[in-house]
Amino acid sequence: MGVKVAKFGGTSLADAEQFLKVRSIVLSDEERRYVVPSAPGRRQPDDQKITDLLYLCHTLAEHSVSFDEIFAIIEERYLGIVEALEIDLDLKPELESIKAQIASGASADYAASRGEYLSGLILAHLLRFDFVDPVEFIVFTHRGEFDSEATQEKAVQVLSRHSRAVIPGFYGARPDGSIKTFSRGGSDITGAIVARGVSASLYENWTDVSGFLMADPRIVDNPLPIEQITYRELRELSYMGANVLHEDAIFPVRKAGIPINIKNTNAPQDKGTLIVKDVGPPTQMGTITGIAGRKDFTVIAVEKALMNAELGFGRRLLSILEDNGISFEHMPTGIDTISVVISDAQLNGRLDRVLASIRNKLSPDLIEVHPNMALIATVGRGMARTPGVAAKLFAALADAGVNVRMIDQGSSEINIIVGVETEDFEVAVRAIYDAFVRARSSADAGLAG
Ligand code: ASP
């Protein structure tokens with residue numbers, strides 16, 4: 001029998017009703033033996049997240065301002081959940097001690113971590129699972145860096161002593177026992193660590209959407225869900241701005257080859273998205289996995305005759321960026337041209353200095369600067385090896401009247417990146433989606449009909 005680890009996000013635990021959904025999900029599958037909860041999130045869009053309130057309490061305490069009122073909201077939320085669940089658990093002493101600790105100078109990490117800690121106590125009680133505090137096995141160094149190897153070793157030891165357990169997400173401890181959290185959204189990481197530690201057959205990440213969509217629904221109407229995606233494709237899409245899992249959550253499970261299933265607590269029957277190591281080559285020409293993009297890039301294009309024969313030209317160009325503390329995103333090249341694509345956040349007022357250095361050190365024939373660029377990544381398996389994919393993409397953009405300013409297929413065979421003017425961004429994403437996805441769906445429907 002396989003072991004599944006189920007992590008539930010904040011909206012999945014926002015109130016008692018959600019806790020009950022979580023209980024029925026966990027208990028409906030014997031293999032769901034390890035559960036990682038977040039702190040209660042928003043019940044509706046204008047609601048407060050418990051974690052935010054805890055940070056606020058800490059800030060107020062730090063400035064010797066009373067945080068009674070804010071803490072009362074937190075108390076009410078938890079006590080309300082316990083009462084509605086009708087479980088025999090007295091959280092008052094825990095809440096009192098947390099309040100006292102915050103008042104007497106406990107760290108921001110300690111304060112924030114209590115959101116998941118209290119969720120964990122409630123859920124363990126509700127499920128009748130053991131409660132395991134992650135300070136027992138999630139190891140940070142003295143300097144607060146996450147120690148993956150030590151954690152894995154301890155996780156195996158500690159978790160093997162419990163056949164069913166609830167482990168609060170988001171935090172661990174330094175060697176002196178002090179609490180350290182991951183960055184925001186870090187319960188995803190805890191789930192992945194637990195999955196690796198118990199050699200799970202599946203890491204389920206329960207949230208409030210039925211998996212990832214092939215494109216941003218604010219741009220494309222009703223985009224189709226992604227049923228399967230590889231870790232690499234996911235990395236490409238999330239790098240390009242698709243809002244997915246916490247980046248660091250992928251690594252522990254990817255290393256162990258454990259698939260991740262993104263599921264919806266409010267629609268558990270939906271398949272969601274399965275993230276796997278490999279799904280083999282595509283069966284149909286031109287199938288893509290998803291489209292994502294980001295705005296706010298600048299391209300610096302440098303042209304010089306016989307550049308290809310000039311030793312060290314590329315290195316000198318890049319060292320100018322390095323000397324200015326700027327990292328670049330892409331570097332498409334031609335025979336006598338090199339372009340560097342830089343995000344505006346990196347450039348941050350240093351453009352003139354960079355241009356002056358390029359003129360000085362490289363004596364180019366021409367430098368062109370294209371601001372207001374957006375990059376769009378079309379991701380899919382075997383893109384570089386499938387004939388006609390690029391042609392289809394560029395035809396779609398041309399038909400939509402979009403001028404392509406940059407193309408970068410690179411060596412990554414799962415991604416074609418195009419640069420367009422920022423104002424063409426949405427039109428371009430829709431054109432690509434229509435060409436690859438809507439055209440395919442209607443062809444399939446035609447065949448079926
Ligand atoms: N509660 C934490 C946050 O709001 C961690 C998490 O939910 O994953 O960032």
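The values are calculated or read from the model by the stated rules, or taken from the named source; none is laboratory data. Keep in mind the model is a prediction, meaning the values are calculated, not measured. When we count neighbours, we look across all protein chains shown, and the Cβ atoms used for this are built from the backbone with ideal geometry, even at glycine. Note: accessible area is taken over every heavy atom of the protein model, side chains too, but ligands, DNA and RNA are not part of it. Shrake-Rupley method; radii C 1.70, N 1.55, O 1.52, S 1.80 Å.
Laid out as a table, the results:
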| read-out | value |
| --- | --- |
| Unique residue being within 14 Å of the ligand (Cβ to nearest atom), of a type in the set (D, E, K, R), over 19 Å from S178 (Cα atoms) and at pLDDT 95 or above when the list is D130, D47 | D47 |
| Residues of the stretch 174-185 satisfying the condition of being away from the ligand (no atom under 16 Å from the Cβ) and open to solvent by less than 70 Å² (accessible area, probe 1.4 Å) | R174, G177, S178 |
| Residue that is more than 16 Å from the ligand (Cβ to nearest atom) and either modelled with pLDDT under 95 or surrounded by 15 or more Cβ atoms within 10 Å (Cβ to Cβ) (or both), where the choices are K154, K92 | K154 |
| Unique match (being away from the ligand (no atom under 16 Å from the Cβ), in contact (Cβ under 8 Å) with a residue 60 or more places away in the chain and crowded, with 17+ Cβ neighbours inside 10 Å) among A200, A192 | A200 |
| Complete set of residues in the stretch 11-44 that are over 22 Å from S183 (Cβ atoms) and of a type in the set (D, E, K, R) | D15, E17, K21, R23, D29, E30, E31, R32, R33, R43 |
| Residue count for the stretch 1-44, restricted to those that are within 16 Å of the ligand (Cβ to nearest atom) and among the hydrophobic types (A, V, I, L, M, F, W, C) | 10 |
| The stretch 136-151: number of residues that are surrounded by fewer than 23 Cβ atoms within 10 Å (Cβ to Cβ) and away from the ligand (no atom under 16 Å from the Cβ) | 11 |
| Given (1) within 16 Å of the ligand (Cβ to nearest atom); (2) closer than 30 Å to S199 by Cβ; (3) open to solvent by 30 Å² or more (accessible area, probe 1.4 Å), index of the condition S119 fails | (3) |
| Candidates I74, I98, I102, I25, filtered to the one that is buried (at least 16 other Cβ atoms within 10 Å of the Cβ), within 24 Å of P268 (Cα to Cα) and of a type in the set (V, I, T) | I25 |
| Residue satisfying condition, being acidic (D, E) and within 23 Å of H246 (Cα to Cα), within set D109, D90 | D109 |
| Filter result for E62 (under 18 Å from A108 (Cα atoms), open to solvent by 60 Å² or more (accessible area, probe 1.4 Å) and free of Cβ contacts under 8 Å to residues at least 60 places away in the same chain) | yes |
| Residue check for E76: acidic (D, E) and part of a helix (DSSP H, G or I) | yes |
| Single condition L56 does not satisfy, out of (1) at pLDDT 95 or above; (2) open to solvent by 50 Å² or more (accessible area, probe 1.4 Å); (3) away from the ligand (no atom under 13 Å from the Cβ) | (3) |
| Residues (in contact with a Lys or Arg (Cβ under 8 Å, 6 or more places away or on another chain) and surrounded by 16 or more Cβ atoms within 10 Å (Cβ to Cβ)) located in the stretch 323-335 | I326 |
